[in-house]
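Chemist: This structure is in structure tokens; I'll ask about it shortly.
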Amino acid sequence: MHDGVNPATPESTELSSAQAAGAIFGDAFPQAEKYAELLAGIGVERGLIGPAETDRIWERHLLNCAAIAHLLPARCSLVDVGSGAGLPGIVLAMLLPHARVTLLEPLARRVDFLNDAVAELGVTNAEVVRGRAEDLAGQMSADVVTARAVAPLDKLAVLAVGLVRPGGRVLAIKGSSAESELAKARPVLGRLGVTDARVTRAGTPGGGATATVVTFTTPDHAGSAQPGARTGGLATGRGPGAQPGRAHRPGSPAAGRRGRPNSRRGGG
């Protein structure tokens, strides 16, 4: 008997997930709470999150993204491709305060949300760049590239390799399709020189957060970075004094082709 409370209801599940998040996010939990409110509020209003997702913001989105944080170096440069609502980029920026996170997104309404969220949350180690990954290949050279719900792995791998330094890591959060996507992508990964691609079941101690991730390392060949890239950091075309959290303006190398239609859905 449960005194009239069904522990399997969405409300109780979401409450349990939020409680588990307290231990996972630690000092960043107040930021995470505010981020959850933004996603459930203006995130839904602006069409970045579906109305049906509001009851599972923590479990399905924030905790799913938080699960991969322990797979990353505490200090690194990271590009979140097709960042969308900031998943996983904003979550990782909160959990890894010494990382430098670039939220790369081509669509204006999502860029507007990301700029608002970064400013509202005070995530000072994250910046927003409006652009397409294929247009910026060779202009960025990050230690890590992440993606969630952006593109099938065979297409995503090509996009990611153009943004990550030689010997850098790519982490693509996938669901039940991870194994089949990896199998399909093997020929493309082979042509890219990738030899260690695998499916990883990421999780935090106690199982509070879990995610299925495809990970791989780019070939570590001296001098193999794309022209214009700066190995070991981000080369985004920013001049001195550029402010974190602001999208690049037209005409800068990182602006991409702002007026070009884009059919790719961003993460989140």
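Chemist: Does segment 23-33 contain at least one residue that is within 20 Å of Leu121 (Cβ to Cβ), small (Gly, Ala, Ser) and at pLDDT 95 or above?
Modeler: The answer is yes, given that some residue of segment 23-33 is within 20 Å of Leu121 (Cβ to Cβ), small (Gly, Ala, Ser) and at pLDDT 95 or above.
Chemist: Provide a single number: the residues in segment 157-203 that are β-branched (Val, Ile, Thr), at pLDDT 95 or above and loosely packed, with under 13 Cβ neighbours inside 10 Å.
Modeler: So the answer is 0.
Chemist: To continue, here is another question. Out of the helices (runs of 4 or more DSSP H) lying entirely within segment 14-99, which hold 2 or more residues that are within 18 Å of the chain's Cα centre (by Cα) and not small (Gly, Ala, Ser)?
Modeler: The helices (runs of 4 or more DSSP H) meeting that bar are 29-40, 63-66, 89-95.
Chemist: Where residues in segment 204-224 are over 22 Å from Ala185 (Cα atoms) and either among the β-branched types (Val, Ile, Thr) or modelled with pLDDT of 85 or more (or both), which of them is farthest from the chain's Cα centre (by Cα)?
Modeler: Ranking the qualifying residues of segment 204-224, first place goes to Thr204.
Chemist: Can you tell me which residues in segment 80-93 are under 16 Å from Val213 (Cβ atoms) and of a type in the set (Val, Ile, Thr)?
Modeler: Of everything in segment 80-93, those that are under 16 Å from Val213 (Cβ atoms) and of a type in the set (Val, Ile, Thr) turn out to be Val81, Val91.
Chemist: Which one of these is farther than 21 Å from Lys174 by Cβ, surrounded by fewer than 24 Cβ atoms within 10 Å (Cβ to Cβ), touching a residue at least 12 places away in the same chain (Cβ under 8 Å) and of a type in the set (A, V, I, L, M): Ala117, Ala149, Ala108?
Modeler: Among Ala117, Ala149, Ala108, only Ala108 is farther than 21 Å from Lys174 by Cβ, surrounded by fewer than 24 Cβ atoms within 10 Å (Cβ to Cβ), touching a residue at least 12 places away in the same chain (Cβ under 8 Å) and of a type in the set (A, V, I, L, M).
Chemist: While we're here: Residues Asp80, Asp116, Asp112: which one is within 12 Å of Tyr35 (Cα to Cα), modelled with pLDDT of 95 or more and not aliphatic (A, V, I, L, M)?
Modeler: Selected residue: Asp116, the only one of Asp80, Asp116, Asp112 that is within 12 Å of Tyr35 (Cα to Cα), modelled with pLDDT of 95 or more and not aliphatic (A, V, I, L, M).
The values are calculated or read from the model by the stated rules, or taken from the named source; none is laboratory data. All values reported here derive from a predicted model rather than from experimental measurement. As a convention, Cβ positions derive from the backbone with ideal geometry for all residues, glycine included, and neighbour counts pool all protein chains shown.
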